[in-house]
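All remarks here apply to the structure that follows.
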Amino acid sequence: MLRCSVVGATSFTGNELIRILARHPHVKVGTLTTRSEERIRARDVVPTLGKANDLVIEKFDFRKVLRNSDVVFITLPHTLAMNIAGDFYKHDKIVIDLSADFRLRHAKIYEQWYGERHEQKKLLKFAVYGLPEIYREQIKHANLIANPGCYPTGAVLGLYPLLKNDLIQRDSIIIDSKSGASGAGRKLSMGTQFCEVDENFAAYKVNRHQHAPEMEPTLSEIAAEKINITFVPHLLPVNRGILSTIYVKRKSGVKKDKLAKAFQAFADAEPFVRFLGVDRFPALKNVQFTNFCDIGVSVDDKSNQVIVITAIDNLLKGASGQAIQNMNIRLGFAEEAGLLSL
Ligand SMILES: NC(=O)c1ccc[n+]([C@@H]2O[C@H](COP(=O)([O-])OP(=O)(O)OC[C@H]3O[C@@H](n4cnc5c(N)ncnc54)[C@H](OP(=O)(O)O)[C@@H]3O)[C@@H](O)[C@H]2O)c1
């Protein structure tokens, strides 16, 4: 069996990867790592592993991970991931990086949005953006997969059928997203402490969130034309899930039926996209702990306003579930392997 390691295994997304990999039918867990000197029993941080599970999370040792891995998942904060991901890639491992370090195609844009020098510029051209619904063919052959951000996943999937089928005005896209607090990771910060998040709801980084420059190139590629978006993220007082409400104007003459058919065809072709129908809308509860992206749509005949609502679990379809989906595609397994009954 192929072996999969997780570098940064104590992270929220790392815990989800352990949970899925431990039950995956075609792979086994290689090495799980932390910065800590102390060995951590994986079952203490991933209780669903059960009391007999003997996996441990141990101090990062490059050579050991190299020896024990065919695939390496990196779940480190951005800017820390790039060199480690680059080293494993150069040693012919399949690398799936959950950070933002290889998602943007141009180092200059990365440096502008993340405020740090990109130290693996030469590798950017080898990285494939790991959104299976759009880049499945490229993922099949990639050894460096840049797993998408959580907000871009929900937003791009909601827009894909509309742009691909040329159904909307392209200068009118507004993405209004709300995320649960696990989106910010395990580290403590002012804005994500319990007392700040609980009973609260607020927008942040309006017009300056780093996921906007990640969405625009993908949307532009789908539309075959430059797309600019307005993106407003919010923090919800829930643990997990992202609900995105997307406002666009339909092109004149485009009927409601045609819009619905485009979404239905997309969902029919994709194992992890569910179209709920016209005037039926997703809820976080229905996607939490799943790898699904649920989509609903409504059209106002008077204003031509189309409203698309998508929901995903940020830690699964927005991170670790999608990373496993990418691994399945890359290794030729069924795309759903390990991802149903989570
Ligand atoms: N959370 C989400 O919903 C989500 C979604 C999509 C993508 N991502 C991306 O996936 C990556 C992991 O996200 P996460 O939210 O799971 O992370 P997290 O919970 O904040 O954990 C990050 C891990 O990185 C390790 N680490 C190593 N050096 C570190 C340093 N100098 N500072 C802080 N941590 C350090 C820590 O493990 P030790 O302390 O044990 O060493 C920590 O457990 C990030 O790049 C994130 O942007 C996250």
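Please state the charge dipole magnitude for the chain, taken about the Cα centre, from unit charges on C-beta atoms (+1 on K and R, -1 on D and E), reported in debye and rounded to the nearest 20.
420
Nearest 10 degrees is fine. How inclined is helix 81-90 to the longest principal axis of the chain, computing both from alpha carbons?
Roughly 70 degrees between the two axes.
Based on the alpha-carbon gyration tensor of the chain, what equivalent-ellipsoid semi-axes (square roots of 5 times the eigenvalues) come out, in whole Å, largest first?
Over the Cα atoms of the chain, the semi-axes work out to 33, 21, 20 Å.
So which residue, out of 37, 221, 116, gets the largest mean-square fluctuation from a GNM of the chain using Cα contacts under 10 Å as springs?
37
Could you go through region 42-51 in sequence order and give the Karplus-derived ³J(HN,Hα) for each residue, using 6.51 cos²θ - 1.76 cosθ + 1.60 with θ = phi - 60°, rounded to whole Hz, and x for Gly and Pro?
4, 5, 6, 9, 10, x, 5, 5, x, 6
Taking K and R as +1 and D and E as -1, what net charge do the other residues with C-beta under 13 Å from the C-beta of residue 116 add up to?
Cβ neighbours under 13 Å give a net charge of 0.
Mind sorting 249, 51 by how few other Cβ atoms lie within 10 Å of their own Cβ, fewest first?
Ordered by Cβ neighbours within 10 Å, fewest first: 51, 249.
State the Cα centre-to-centre distance between region 265-280 and region 170-228 in whole Å.
Using only Cα atoms to place each centre, the spacing works out to 23 Å.
From zero outward in steps of 5 Å, how is the percent of C-alpha pairs of region 151-312 spread across the bins?
2, 9, 18, 21, 20, 15, 8, 4, 2, 0, 0
So what is the calculated 222 nm ellipticity per residue for the chain, using -39500 (n - 2.57) for each DSSP H run with n of 4 or more, over all residues, to the nearest 500 deg cm²/dmol?
-9000 deg cm²/dmol
Output ³J(HN,Hα) for region 302-315: one whole-Hz value per residue in order, computed from phi by the Karplus curve 6.51 cos²θ - 1.76 cosθ + 1.60 with θ = phi - 60°, and x for Gly and Pro.
Couplings: 6, 9, 6, 6, 9, 10, 10, 10, 10, 9, 9, 8, 4, 7 Hz.
List every residue whose amide H lies under 5 Å from the amide H of residue 76, counting only residues 5 or more places away in sequence or on a different chain, with H placed 1.01 Å from N in the peptide plane.
For residue 76, whose amide H was placed from the backbone, the distant partners under 5 Å are 98, 99.
Please give the Cα centre distance for region 74-134 versus region 1-73, rounded to the nearest Å.
When both Cα centres are located, 21 Å separates them.
Enumerate the amide H contacts of residue 129 below 5 Å, restricted to partners 5 or more residues apart or on another chain; note that Pro and chain-start residues carry no placed amide H.
Those lying under 5 Å, H to H, from residue 129 are 146.
Against the longest alpha carbon principal axis of the chain, how many degrees, from 0 to 90 and to the nearest 10, is the axis of helix 12-21 turned?
80
Any idea what angle helix 212-223 forms with the longest principal axis of the chain, computed on alpha-carbon atoms, 0 to 90 degrees, nearest 10?
60
Tell me which lysines have Cα within less than 22 Å of residue 317's Cα, excluding those fewer than 8 residues away on the same chain?
In chain and number order, the partners are 28, 140, 164, 178, 187, 285.
Considering only DSSP states other than H, G, I, E and B, which chymotrypsin sites (Phe, Trp or Tyr not before Pro) in region 130-215 qualify as loop sites with at most 14 other Cβ atoms within 10 Å?
Taking region 130-215 and a limit of 14 other Cβ atoms within 10 Å, the loop chymotrypsin sites (Phe, Trp or Tyr not before Pro) found are 201, 204.
Within 10 Å of each candidate Cβ there may be at most 15 other Cβ atoms; applying that plus a DSSP loop requirement, which trypsin sites (Lys or Arg not before Pro) in region 163-235 survive?
Filter output for region 163-235: 186, 187, 205, 208, 226.
Return a whole-number percent for the relative contact order of region 151-312, with Cα pairs under 8 Å and 6 or more residues apart as the contact set.
30
None of the figures in this text is laboratory data; all of them are computed from the coordinates on show. This structure is a prediction, so every number in the text was calculated from the model and none was measured. All Cβ positions, glycine included, derive from the backbone under ideal geometry; neighbour counts span all protein chains shown.
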